[in-house]
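Below is one structure, written out as structure tokens; comments come after it.
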């Protein structure tokens, strides 16, 4: 237990020691506001793409289960699934458009 506490104290102490010079930089040096804008845009697009991939997989798996239960409705389920997937992917494209408008 003592070694764990010692490692934790050493880690936090070194983190505070080595990050202190960051606050001593001049106004024009270092990270600017545009850097955070690009990073947040990248995270926003990644979250939108991941959510869309999850939603697509759920829609496709549900359509496959529906076809397995009722093979006669396969054509109609496929059409409805494709429409749903198109709407999901459209949300990702809207996110990309908003990011381009906000970042540029």
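The values are calculated or read from the model by the stated rules, or taken from the named source; none is laboratory data. Since this is a predicted model, take the numbers as computed values, not measurements. All Cβ positions, even for glycine, are placed from backbone atoms using ideal geometry, and neighbour counts span all protein chains on display.
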>> Tell me whether segment 6-27 contains one or more residues that are at pLDDT 90 or above, in a helix (DSSP H, G or I) and over 24 Å from residue 97 (Cα atoms).
In response: no
>> Within segment 69-77, does at least one residue satisfy the condition of being under 25 Å from the mean Cα position of the chain (by Cα), touching a residue at least 12 places away in the same chain (Cβ under 8 Å) and either assigned to a helix (DSSP H, G or I) or surrounded by 13 or more Cβ atoms within 10 Å (Cβ to Cβ) (or both)?
In response: no
